[in-house]
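Please read the structure below before turning to the comments.
No lab work stands behind these numbers, since they all come straight from the coordinates. For clarity, every value in this text was computed on a predicted model and none was experimentally measured. Glycine gets a Cβ as well: all are built from the backbone with ideal geometry, and neighbour counts include every protein chain shown.
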Amino acid sequence: MKHTITMTINGAPVTAEVDSRLLLVHFIRENLDLTGTHIGCDTSNCGACTILLDGKSIKSCTYLAVRADGAEITTIEGLAPEGTNHPLQQAFHDQHGLHCGFCTPGMILRSVDLLKNNPNPTEEEIRWGISGNLCRCTGYNNIVKSVQQAAKEMQNESESV
């Protein structure tokens with residue numbers, strides 16, 4: 001069965017006709033060609049498919065596209081204006097928080113949600129906050145350092161405004 005859905009993705013309105021069984025991750029990757037959202041496990045275990053839906057991080061590999069009708073979605077491509085980096089993207093670069101990069105988009109978007117709800121997390125809170133996103137390469141130490149750096153920078157930005 002086909003449904004017409006309308007949503008905002010990375011600030012742009014999108015309307016499409018989709019099958020009722022289409023997963024949001026496939027809609028994002030295949031219909032919109034936003035391939036920064038990765039497909040890792042198809043079971044929501046790895047978090048590579050994490051996006052922001054109405055500001056909250058979700059795993060899009062188990063979320064139907066029709067459920068996102070009317071939502072505002074942010075993928076890694078829409079996190080910062082073209083040609084710039086979000087503080088988390090910059091921190092992952094600065095702190096070597098990525099190796100192969102496969103988990104990085106989902107890890108960053110999960111961390112955006114974490115810092116929105118806890119702008120000054122402890123190391124333990126960061127580790128718990130990202131625990132639903134798996135990284136096979138880094139051992140997480142530099143990912144934690146990346147989130148800590150971004151948290152400080154984002155606090156400094158908000159204090160200077």
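So how far, in whole Å, is the C-alpha centre of the stretch 124-154 from the one of the stretch 16-83? Spelled out, the Cα-based centre of one part sits 21 Å from the other. Exposure proxy shown here: for 2, 152, 145, the number of other Cβ atoms within 10 Å sets the order, fewest to most, as 2, 152, 145. Of the GluC sites (Glu not before Pro) found in the stretch 26-92, those that fall in a DSSP loop while having at most 13 other beta-carbon atoms within 10 Å are 82. Considering only DSSP states other than H, G, I, E and B, which trypsin sites (Lys or Arg not before Pro) in the stretch 6-83 qualify as loop sites with at most 15 other Cβ atoms within 10 Å? Counting only loop positions with at most 15 other Cβ atoms within 10 Å, the trypsin sites (Lys or Arg not before Pro) in the stretch 6-83 are 21. Can you tell me which lysines have their Cα less than 26 Å from the Cα of residue 116? Leave out same-chain residues fewer than eight positions away. Those lysines meeting the cut-off are 56, 59, 145, 152. Annotation: lysines with alpha-carbon distance below 21 angstrom to residue 2 (same-chain offsets under eight excluded): none found. Note: relative contact order over the chain, using C-alpha pairs below 8 Å and six or more positions apart, is 23 percent.
Averaging over all projection directions, the Cα-based convex hull of the stretch 88-161 occupies 4.4 nm² in the image plane.
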